Amino acid sequence: MRFDPTNELPYPLLERDVETRRIEQKLQWLRAGHGGVLVVEGSAGMGRSSLLKLLYQRASEAGFCVLRARGHEFEGDVPFGAVAQLLEPAVPARVVREPPEVASPAMLGQLRNDLLELAGDRRLVVVVDDARWMDMPSLRFLNYLGARAERTPMLLAVALDPADRGSAVDWLGGVSTSLETTLLRLAPLSEAATHHLVSLLLGPASSPEFAAACFDATGGNPLLLHEVLAEVATGRSGSPEEALSGLSRRPPARVMRQLVRRLQNLPRSSLAVARAVAVLGVAEDPVVVSRTADCLEADVDDAVTALVDAEVMTDGPALRFAQPMLRTAVYAGIPAFLRGRLHARAARALAETGAPSEVVAEQLVNVPPAVVPPAAVGELVEPRSRIRRTVRHLRPVPGDDPVQRASAALDAARALTLDCQFEEAVAVLEPAIAGVRDPTLRPRLEATEVWIAQLSPSTRDGGRARLGNVERPHLAGKALLEEIWRGTLAEHIGRLTGDLLHRPRMPAGDSVGWSAGLVAAVTLAHFDRLAEARQAVLTLRDAANQTETMLAGLDLCLRAAVDYQLGDIAGAGDLALQVLSGTDGQRPARMVRAFAAAVRAETLIVQGTLDAAAATIEETGLIDDGAADTIAVLPLLRARGRLRIAQDQLEEGLHDLLRGRRAAVDLGLTPGAWVSWSSAVTALHRLGRTEEALVMARDELAGARSCGAPAPLAAALRTLGLLTPGPAALPLVEEAATLMEGFPGQLEKARTQLTYGIVLRRVGKSAAARVQLRLAAETSGVHGAHVLNRRAIDELRSIEADTTGRRSRTVLTPRQQRVAELAAEGMPNEKIAQSLFVTVKTVEWHLTQAYRKLGIESRGALSSVLAATTLDYAESA
């Protein structure tokens, strides 16, 4: 509010009782003959001019001589222009007609005397507003006047803005900070005062909620609050709540003009920095602000200091606007032509500095696709794969088309999904769905939300609720998803999957097809159509390349999983490791890391390399004990549980497996149907919790039968067979063996052969057991499943010991075997350590374990014993 003493105050001065008392006190002292200086300090809109007006009115009522002057931005180059305003009523000629260029001490003294003569016998009050616009000689005179105010019956009152820069600060700063000066610093209004003012101007019927919303929007700034209420009072925007909602998008024009003027008075880079922060919302990293504003960091530092001093921004660890409406005003003032570029810069800067994916996505949904192409959106959001060359070709596109925003939201949601940010992905899609009426785009958005929602327990119910509303012919995967949730038999789901994958065009061109195609391939793999699943992955990848759709490595994870089941353990492990290594030095997305790490760990576990498996799982950092378990965590929990059981950490392994099983149930997956958790049964049995083991084994078998997929069903049958005593176990393992006839998955076949042999041996059918165990040893040995291979050989040796009375010899681990072989060849420990890249102490430990297992006491006996062991293996296999 500009200072004009002729106008009445438009509303009462709330929460200014202290300031009013100090003004009254200064006037009483002046009446007693004691002069002084009064400085009213506050940012724009805090009521400086209102207090000066109050002072003017009270001093006039007291009979004092009150002179006033106000700076004008277009008169700052007129020497003594402000002084002329003070003296014009009495001595215009001396100052106005011939203003001196230099304010000499004699001239300043004469001007002071002129003021005192003008007051005569009355006390003198000089009121100065907007000093920042005043000319240099006038400021020097005010400084001269303030330094001598204590010795004369005169009160100098000046309003200052903490954001003021330049001459006003240089000349009046000393006066305002003097110990003799009375300084009034204005604070924002409280929420209670805001409520009182709302009731005063809009009537007592106004709601407390509306008053609270006004306070939140304005931060208690009196001017902002008055402008908001003035706009609401017009009734042009409907109810007060509707008007306030509109103002949250575009504030009153006067507020915007005033803010622009304030920013123009600050350092040159302040407007750019303010726009950057308006786009970011809250800025914690100065590098992000610098890159978004396209300013040097030193210029950003100067601008931030000025913005904080001006109380446009708050001073704290994070940079934010002092009032939300100020941010709205700055953001609304950014031309649409530039807004998209700013959001794109912000997204790139956030991504480059490692910001969370959902934060990057919040910027991307405001970027038109032509500014950041859809192919680049996912790379920006995807963690560790943030910035690619496509982002460097940013070009502005005017407008804020809802369809463009929805398309960007679609790609951002998909990228968030790859980062396991499922709730954030759904949150990005929901407003986009609400804002789009396009008959082609809207169902794509809805279907994408359905696919994403099923991947997390926290979003699954909402996804299922929306599923019934998605009825579009091009959403072929919808029927497949419904059947999977219902637990339909494998045969029927296999037909649906085949229908989906054999459509004229592989569904890889958008987020819906991308999800449906991968799920279809996963479904084929799960229902043991492994060759078809592998071909489906290759076809999907080709289609994705043709349509420039980003699969982000999920196709490679699926291929590695299929190869693992087919028996290419080493190849699957290498492919998973390739995915984990990333491309172009960038780490893959979290979901991709989770799936790849699980496959890699499973290959290492069956090879007996347990430490490497543990390191692979640990390095992902994705198993969070404090967070909800999503679809991405299930394979990791299963792999870690199996690993810990192999390490004899039975309690820990059981905990992981039960946790994964519960998470699968929360996701709507029938236990035992889609994923086998039979290792948990094994852990329960080894811990002596036999009854619990039996209950879970039967539950797993029931779930597997409801689905009918051969691999999970065979696993459930094997597990229950091992728990069942006597001949009753045979029908279970025989059924499992029948399922494995002609089955392409070599690992499941080897496991079934091993279990069949164990049960046959247990019931006294040694000859038949020997056949199955040799098959198991051969299958596992050919495919590199060392743990299965050793177990089969141990079982064969046990049969030989039972029939011949010979003692079974324990097989060495691969590392113990290699160390023993080198030692048998006469290589010293130091050379063995160098050859195997281990320490000498490690070699000594492996040899000690080998001596104990082989029943020898020295290195000299190694050659003969190892030769006998090799012969035993050959005979057994």
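Name the residue, out of Asp411, Asp419, Asp438, that is over 21 Å from Pro588 (Cα atoms) and not small (Gly, Ala, Ser). Write out each step before concluding.
Values: Asp411 fails: over 21 Å from Pro588 (Cα atoms); Asp419 fails: over 21 Å from Pro588 (Cα atoms).
Every option except Asp438 fails the conditions.
If the condition is being without any contact (Cβ under 8 Å) to a residue 60 or more places away in the chain and either of a type in the set (Ser, Thr, Tyr) or surrounded by fewer than 23 Cβ atoms within 10 Å (Cβ to Cβ) (or both), then the stretch 783-794 contributes Arg791, Asp794. None of Arg268, Arg261 is at pLDDT 65 or above, assigned to a helix (DSSP H, G or I), over 17 Å from Arg320 (Cβ atoms) and open to solvent by 70 Å² or more (accessible area, probe 1.4 Å) except Arg261. Taking the stretch 641-679 on its own, how many of its residues are under 19 Å from Asp461 (Cα atoms), assigned to a helix (DSSP H, G or I) and of a type in the set (Val, Ile, Thr)? The qualifying residues number 1.
Looking at the structure I just gave you, is Arg790 within 20 Å of Ile569 (Cβ to Cβ) and of a type outside the set (Val, Ile, Thr)?
Working: within 20 Å of Ile569 (Cβ to Cβ): yes; of a type outside the set (Val, Ile, Thr): yes.
Criteria met by Arg790.
Which residue, of Val91, Val83, Val96, Val66, is open to solvent by 10 Å² or more (accessible area, probe 1.4 Å) and either at pLDDT 85 or above or under 30 Å from Asp309 (Cβ atoms) (or both)?
Only one candidate passes the filter, namely Val66.
Across the stretch 606-640, what is the total count of residues that are over 27 Å from the mean Cα position of the chain (by Cα), in a helix (DSSP H, G or I) and touching a residue at least 40 places away in the same chain (Cβ under 8 Å)? Residues that pass the stated criteria total 2. Tell me, which residue of the stretch 12-41 that is charged (D, E, K, R) and part of a loop (DSSP other than H, G, I, E, B) is nearest to Arg122 (Cα to Cα)? Within the stretch 12-41, the match that is nearest to Arg122 (Cα to Cα) is Arg16. Restricting attention to the stretch 712-731, the residues being free of Cβ contacts under 8 Å to residues at least 24 places away in the same chain, open to solvent by 20 Å² or more (accessible area, probe 1.4 Å) and closer than 20 Å to Glu692 by Cα number 3.
Taken together, the criteria place Ala612 among residues that are surrounded by fewer than 17 Cβ atoms within 10 Å (Cβ to Cβ) and under 22 Å from Asp563 (Cβ atoms). Here are the criteria: (1) modelled with pLDDT of 90 or more; (2) open to solvent by 40 Å² or more (accessible area, probe 1.4 Å); (3) in contact with a strand residue (DSSP E or B) (Cβ under 7 Å, 6 or more places away or on another chain). Tell me which single one Ala59 does not satisfy. Of everything listed in (1) modelled with pLDDT of 90 or more; (2) open to solvent by 40 Å² or more (accessible area, probe 1.4 Å); (3) in contact with a strand residue (DSSP E or B) (Cβ under 7 Å, 6 or more places away or on another chain), Ala59 misses just condition (2). A count restricted to the stretch 303-315 and to residues that are open to solvent by 50 Å² or more (accessible area, probe 1.4 Å) and touching a residue at least 40 places away in the same chain (Cβ under 8 Å) stands at 2.
When you scan the stretch 761-776, how many residues do you find that are open to solvent by 10 Å² or more (accessible area, probe 1.4 Å), in a helix (DSSP H, G or I) and either over 26 Å from Glu692 (Cβ atoms) or at pLDDT 90 or above (or both)? Don't jump to the end; show me each part of the working.
Step one: of the stretch 761-776, the residues open to solvent by 10 Å² or more (accessible area, probe 1.4 Å) are 761-768, 770-772, 774-775.
Filter once more, keeping what is in a helix (DSSP H, G or I): 761-762, 766-768, 770-772, 774-775.
Applying the additional criterion that residues be either over 26 Å from Glu692 (Cβ atoms) or at pLDDT 90 or above (or both) yields 761, 766-768, 770-772, 774-775.
So the count comes out to 9.
Do we have Glu691 as assigned to a helix (DSSP H, G or I), open to solvent by 20 Å² or more (accessible area, probe 1.4 Å) and not polar (S, T, N, Q) here? Yes; evaluated as a whole, the condition is true for this residue.
Restricting attention to the stretch 316-374 and to residues that are among the hydrophobic types (A, V, I, L, M, F, W, C), open to solvent by 10 Å² or more (accessible area, probe 1.4 Å) and touching a Gly at 6+ places or on another chain (Cβ under 7 Å), the residue that is modelled with the lowest pLDDT turns out to be Ala336.
The values are calculated or read from the model by the stated rules, or taken from the named source; none is laboratory data. Source: prediction; values computed, not measured. Virtual Cβ from ideal backbone geometry, glycine too; neighbours counted across all protein chains shown. Keep in mind that these areas ignore ligands, DNA and RNA; they rest on the heavy atoms of the full protein, side chains included. Shrake-Rupley method; radii C 1.70, N 1.55, O 1.52, S 1.80 Å.
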